[in-house]
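Note sheet for the following structure.
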C-alpha cells in the first residue's frame, strides 16, 4: 500500500520509467529481505524448541510419539493454505497474501472495537491493543457465557417473546382498523 511504498499509485502503463523501476525493485528487494529475516528467526526459534524437546533419547521418543499422535497433514495444509493457486491476490487496490495465513499478523482495524482477523491469525486487535488469540477467544466465550447467564437469570428471553407476540397480535388489529 501507499503507507509502505509511496510510488505504488505511479505504477501504470505509460508512466513507468527507469527511476520508478529502480525504486520498485529496491522496495521489493527490501521486502523480500524483511520476510526472509522474519522466516529465519521463526525457524531458528522452532529449531531451538525442537532441540530442547529432543535433548535426551527419552524426550526424543516422547516427541516422536506426540508428533505422530497430534500432527495432521490435512489440517496443516488447510492452515497454511498451500493448495491455493493464487498466492497473492489484489483486493480493493491492495495486495493480500493467501498462502500461509497463519503467519500473517497484520491488523487493519476499522474502528476501536474491530476485532476481525484471519481465522488462524496468532493475535487479535481489540480496544487498542493486540491480544493473544487463545486468550481473546477465552475472553469472548466468558463474555458470552455471562450475557447468556443474565438472559436466563432475568428471564429476558421469555419477556422478549411475550413482547413480540403482543406486538404482532396488536399490530395486526391496528392494520385491520
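Read the figures in this text as sums done on the coordinates, not as results from a lab. It should be emphasised that the depicted structure is a prediction, and the values quoted were computed from it without experimental measurement. Positions of Cβ are generated from backbone atoms using ideal geometry, with glycine treated the same way; all protein chains shown enter the neighbour counts.
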Report summary line: So for region 52-93, using the alpha carbon gyration tensor with a ≥ b ≥ c as root eigenvalues (a/c under 1.5 gives rounded; past that, a/b versus b/c decides prolate or oblate), I'd call it prolate
Report task. At 20 °C and 1.002 mPa s, grab the translational diffusion coefficient of region 6-131 from Stokes-Einstein with a Kirkwood Rh over Cα pairs, rounded to a whole number in µm² per second. Result -> 116 µm²/s
Report task. May I ask you to sort 96, 158 by Cβ crowding, counting other Cβ atoms within 10 Å and putting the fewest first? Result -> 158, 96
Report summary line: In nanometres, the difference between 0.36 nm per residue of separation and the alpha-carbon distance of residue 152 and residue 103 is 13.6 nm
Report summary line: If R0 = 25 Å, then residue 27 and residue 114, at their Cβ-Cβ distance, give a FRET efficiency to the nearest 0.05 of 0.30
Report summary line: The FRET efficiency for residue 63 and residue 123, from their Cβ-Cβ distance with R0 = 25 Å and rounded to 0.05, is 0.40
Requested in this report: Arrange 153, 100, 125 by Cβ neighbour counts within 10 Å, fewest through most, would you?
Outcome: 153, 100, 125
